[in-house]
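Notes follow the structure.
The values are calculated or read from the model by the stated rules, or taken from the named source; none is laboratory data. Note that the structure is predicted; figures quoted are calculated from it, not measured. Cβ placement follows ideal geometry from the backbone for every residue including glycine, while neighbour counts extend to all protein chains displayed. Side chains are part of the model used for accessible areas, which takes the heavy atoms of the whole protein and leaves out ligands, DNA and RNA. Shrake-Rupley method; radii C 1.70, N 1.55, O 1.52, S 1.80 Å.
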Amino acid sequence: MNEEEVLAYVRASARALELPLGDARAHAVAQHLGRTAVLAKALDAYVLPPEIEPAEVYRPAPFPQEGA
């Protein structure tokens, strides 16, 4: 996404959530979101070895039965 698309996304999201967002604040949020996207791409590009990859499916242990 380019800067204009990120700004449009921020403004549309604010409207959808009924958040008051002035022009200066929208630009600041868009700039921060753009930086965050760059960091996320860098993290996503880093390949982890299989022994470090997180589990694909999270299955929490069942709660213990009462009285057990």
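With respect to PRO64, determine if the residue is of a type outside the set (Lys, Arg), open to solvent by 100 Å² or more (accessible area, probe 1.4 Å) and closer than 28 Å to GLU4 by Cα. Please lay out each step first, then the result.
On the way: of a type outside the set (Lys, Arg): yes; open to solvent by 100 Å² or more (accessible area, probe 1.4 Å): yes; closer than 28 Å to GLU4 by Cα: no.
No.
Could you figure out which of (1) open to solvent by 60 Å² or more (accessible area, probe 1.4 Å); (2) under 17 Å from the mean Cα position of the chain (by Cα); (3) of a type in the set (A, V, I, L, M) isn't true of ALA14?
(1)
How many residues does the range 29-57 contain that are open to solvent by less than 90 Å² (accessible area, probe 1.4 Å) and part of a helix (DSSP H, G or I)?
Residues that pass the stated criteria total 9.
Only residues in the range 1-28 that are at negative phi and part of a loop (DSSP other than H, G, I, E, B) count as the first member; pair them with residues that are among the aliphatic types (A, V, I, L, M) and modelled with pLDDT of 95 or more, Cβ under 6 angstrom, at least 6 apart or cross-chain, and list the lot.
LEU21/ALA14
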